[in-house]
Amino acid sequence: KLIAGESEGGAEVFRVDYFGSKASLAQSPQLYKQMAMSADMPGAFEVGPVFRAENSNTARHLCEFTGLDLEMPIRWHYDEVIQVIHETLSSIFLRLEEEHQEELTIIRKMYPSEAPKFPPSEPCVLHWDEAMELLRSNGEPREDIMADLSTNEEKLLGNLVREKYGSDLFFLDQYPSAVRPFYTMPSKEKPEFSNSYDVIFCGQEIGSGAQRCHDPELLEERCASLGVPTEPLQSYIESFRHGVPPHGGVGLGLERIVQLYLGLDNIRKASMFARDPTRLTP
């Protein structure tokens, strides 16, 4: 969708002229699904195109992909959101195996893979401290344990979790606040960490989620600390001043889920008309 400003507060957006005004293609529906929460909706979800102006020519990145987004009120704890995400994904995966064996058999002859493993009811949740210890004890100590994970570290962690917990799907919880977007809620007990998580599937991130900052003053503090200008965000911040429940959500990438589920060697094979830094047609 077309928006004024940027949905993630970063520089990796496609900017367009909007009748003489500056606009961009949305990196996510993030701000708008949160504003839906301030309108007292019982939840919001969207399946739609997402645009990222990342000059990444890798087997797992696209400049346009299908985003699966949801946002929901929180009653007691943000792990309620993790539970909903887990139930949604596990339900999809189980139904795929039950109802589409013929198609899966054909694809798996070309791209060998097996049905992913995961606990059917309770999600597998790994906290940041445990993840750092797992990496350290397996010969991958990190110089900066508060830095974001590299692709290789994600893959190693995925293998270690599969060995230890028997799951290809897990949630890496309590990310350091400094590497998360401005709208992420810091942990009350340890503000250097946050109430946020990555969804890891088959050793790669397929999405990120969190409890959001629903307090406008705290939101402005987060923006200031991360150098995010608040002027383009005024309608978003103001919507919280009228009252909004604690809420959280997630944004998932459909093509990456398909790639990993089917064991494809390149994400472009999960998109009919892939868009990357070198392909704009057909």
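Within straight cross-link reach of LYS33, meaning Cα distance under 17 Å, which lysines are found once same-chain residues fewer than 8 apart are removed? Counting by Cα, and skipping residues close in sequence, LYS33 has these lysines nearby: LYS1. Per-residue ellipticity at 222 nm from helix content only, as computed over the chain with -39500 (n - 2.57) for each DSSP H run of at least four residues, stands at -10000 deg cm²/dmol. Between the range 18-81 and the range 171-245, how far is it from one alpha carbon centroid to the other, in angstrom? Using only Cα atoms, the two centres lie 13 Å from each other. Residue-normalised convex hull volume from the C-alpha trace of the chain: 151 Å³ per residue. If you take every residue apart from GLU220 with its C-beta less than 13 Å away from the C-beta of GLU220, what net charge results, scoring Lys and Arg +1 and Asp and Glu -1? Charge balance in the 13 Å sphere: -3. Just so you know, the averaged projected area of the alpha carbon convex hull for the range 178-238 sits at 4.8 nm².
For the range 154-199, run through the trypsin sites (Lys or Arg not before Pro) and keep only the ones in DSSP coil with at most 14 other Cβ atoms within 10 Å of their Cβ. Filter output for the range 154-199: LYS188.
For the range 1-91, applying the loop criterion from DSSP together with a ceiling of 15 other beta carbons within 10 Å to the chymotrypsin sites (Phe, Trp or Tyr not before Pro) yields PHE14, PHE19, TRP76.
To put it simply, the accessible area of the range 129-276 at a 1.4 Å probe is 51 percent carbon and sulfur.
Counting only protein heavy atoms and a probe of 1.4 Å, the accessible surface of the range 1-112 is 59% carbon and sulfur. The fraction of all Cα pairs in the range 140-266 landing in successive 10 Å bins from 0 to the largest distance is 12, 36, 32, 17, 4, given as whole percents. Per residue, the average separation of C-alpha pairs within less than 8 Å and at least 6 apart gives the range 165-234 a relative contact order of 28 percent. Rolling a 1.4 Å probe over the heavy atoms of the protein chains gives the chain an accessible area of 52 Å² per residue. Across the range 40-91, C-alpha contacts under 8 Å between residues 6 or more apart give a mean separation that, scaled by the residue count, equals a relative contact order of 36 percent. Within the full protein context, the accessible area of ARG275 is estimated at about 50 Å² for a probe radius of 1.4 Å. Normalised radius of gyration (Cα atoms, divided by 2.2 N^0.38 Å) for the range 1-146: 1.35. A cut-off under 10 angstrom between Cβ atoms defines the neighbours of ALA44, and their net charge, with Lys, Arg +1 and Asp, Glu -1, is -2. Our summary gives the chain a relative contact order of 23 percent, counting only alpha carbon pairs under 8 angstrom and 6 or more residues apart.
Among 80-89, 260-269, 144-153, the peptide with the highest mean count of other Cβ atoms within 10 Å heads the list, and the full ranking is 80-89, 260-269, 144-153.
Here's the picture: charge each Lys and Arg Cβ at +1 and each Asp and Glu Cβ at -1 in the range 84-142, and of LEU104, SER90, SER121 the one pushed furthest to the positive end of that dipole is LEU104. Near THR184, once Lys and Arg are set to +1 and Asp and Glu to -1 for all other residues with Cβ below 9 Å from its Cβ, the sum equals +3.
The values are calculated or read from the model by the stated rules, or taken from the named source; none is laboratory data. The structure presented is a predicted model; accordingly, all values stated were derived computationally and were not measured. Neighbour counts are summed over all protein chains in view; Cβ atoms, including those assigned to glycine, are modelled from backbone coordinates with ideal geometry. Only protein heavy atoms, including side chains, enter the accessible area calculation; ligands, DNA and RNA are left aside. Shrake-Rupley method; radii C 1.70, N 1.55, O 1.52, S 1.80 Å.
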